[in-house]
1. Within the range 57-71, is even one residue in contact (Cβ under 8 Å) with a residue 40 or more places away in the chain and in a loop (DSSP other than H, G, I, E, B)?
2. Of the conditions (1) in contact (Cβ under 8 Å) with a residue 60 or more places away in the chain; (2) farther than 25 Å from HIS42 by Cα, PHE147 satisfies every one except a single condition; which number is it?
3. Just to be sure, is SER23 part of a helix (DSSP H, G or I), among the polar types (S, T, N, Q) and surrounded by fewer than 16 Cβ atoms within 10 Å (Cβ to Cβ)?
4. Inspect the range 45-56 for any residue being in a loop (DSSP other than H, G, I, E, B), crowded, with 17+ Cβ neighbours inside 10 Å and either over 20 Å from the mean Cα position of the chain (by Cα) or touching a residue at least 12 places away in the same chain (Cβ under 8 Å) (or both) and give the result as yes or no.
5. GLY260 passes all but one of (1) farther than 25 Å from PRO174 by Cβ; (2) in contact with a helix residue (DSSP H, G or I) (Cβ under 8 Å, 6 or more places away or on another chain); (3) of a type outside the set (Phe, Trp, Tyr); (4) at pLDDT 95 or above; which number fails?
6. From the list GLU140, GLU133, pick out the single residue that is in contact (Cβ under 8 Å) with a residue 40 or more places away in the chain and under 21 Å from GLU208 (Cβ atoms).
7. When you go through ALA275, ALA198, ALA232 one by one, which is the residue that is surrounded by fewer than 21 Cβ atoms within 10 Å (Cβ to Cβ) and either over 23 Å from PHE86 (Cβ atoms) or touching a Cys at 6+ places or on another chain (Cβ under 9 Å) (or both)?
Amino acid sequence: MHIHNVDLHYHAGQEREPGTTVSDYLEHAVVTGRRVLGITDHYGLYADPPRPDKQYLYERSLRGLRAYRDEVMDLAPAFPSLMLRFAPELSPRVALDEVPDEVLAMSDYFICETAFPAGSIAENTAATVQRIEQVGRFVERTGKPAFIAHPFRSSANYRLVKRDIEPWVSALAPRPALDFAPEELTRFFLLDVAEIGATSAAYGVPLEVNGNTHYRMLCSNLPGVLQMLYAAHCLLQEQGAEFVPGSDQHGFRRSVGRVGSYVPFDCFQVLGLGAGDLPFLQRIGVPQTA
């Protein structure tokens, strides 16, 4: 099994594209090479007050979350090549100590987002460190595995998507050797990358290598930026952090053709990691020889 066969962050619930079914999403997973598939949905879409401008496919309640999970698992026999796992995505607004026992019971693991106030580097780092610590205690208390989702997504949005790209970012020269100093990475990502990696290692909470984040970096058309992303993951690895692969795919029909998001196997190649090097897979019951 290769990295691109493992996707632990795959949305198919309340945000499905119009006219599609869970079965369509599982079929797309199969034809795009997925074998281990972590099906998710945002927990808030079942627990938060409804938005009047949005239609929902499932009841906004724990009963609705259960219905979604049961629909996925009922389809499992029709897709024997897929090892399916269910993993709600928890925003920083969710108090981890208050996650209901029913949600714990129906979940194989959890995907936990971080807070990112887009303030100073110190503020962003402190918020991320605090979230990793919270997730570590949650895992210890519940026995349910969890990882940190898209740790660099907010950084990519800030630098490349939601604000004008600054001239110094456009001027970043490609560095195939990935010889970016930690200070350069901290400046770009607005986070102390080394501290994030050390905290992740200390609490045993893996970090996601997120396909949607990589896509945003790729679309900048700046090779130096993409290489900086690789370098940041290498720095995390030097601090002892573990990784998990996830596409963060929500749909596959709105783009040109029938494409979605990818599992960022390229970053794992840079890290020198294969599917057999991911301890998290064993924690969620994936056989080492799968």
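1. So in the range 57-71, the residues in contact (Cβ under 8 Å) with a residue 40 or more places away in the chain come out as 57-58, 62, 65-66, 68, 71.
Next cut, in a loop (DSSP other than H, G, I, E, B) only: 57-58.
Yes, some residue in the range 57-71 is in contact (Cβ under 8 Å) with a residue 40 or more places away in the chain and in a loop (DSSP other than H, G, I, E, B).
2. PHE147 satisfies all of (1) in contact (Cβ under 8 Å) with a residue 60 or more places away in the chain; (2) farther than 25 Å from HIS42 by Cα except (2).
3. Working: part of a helix (DSSP H, G or I): yes; among the polar types (S, T, N, Q): yes; surrounded by fewer than 16 Cβ atoms within 10 Å (Cβ to Cβ): yes.
When the stated conditions are applied, SER23 passes them.
4. The initial filter retains those residues of the range 45-56 that are in a loop (DSSP other than H, G, I, E, B), namely 48-56.
Still in the running and crowded, with 17+ Cβ neighbours inside 10 Å: none.
No, that holds for no residue.
5. (4)
6. Details: GLU140 fails: in contact (Cβ under 8 Å) with a residue 40 or more places away in the chain.
Checking each option against the conditions leaves just GLU133.
7. Numbers: ALA275 fails: either over 23 Å from PHE86 (Cβ atoms) or touching a Cys at 6+ places or on another chain (Cβ under 9 Å) (or both); ALA232 fails: surrounded by fewer than 21 Cβ atoms within 10 Å (Cβ to Cβ).
Going through ALA275, ALA198, ALA232 in turn, just one is surrounded by fewer than 21 Cβ atoms within 10 Å (Cβ to Cβ) and either over 23 Å from PHE86 (Cβ atoms) or touching a Cys at 6+ places or on another chain (Cβ under 9 Å) (or both): ALA198.
The values are calculated or read from the model by the stated rules, or taken from the named source; none is laboratory data. In this text, all values refer to a predicted model and were calculated from it rather than measured experimentally. No Cβ is skipped: glycine too gets one built from the backbone with ideal geometry, and neighbour counts run over all protein chains shown.
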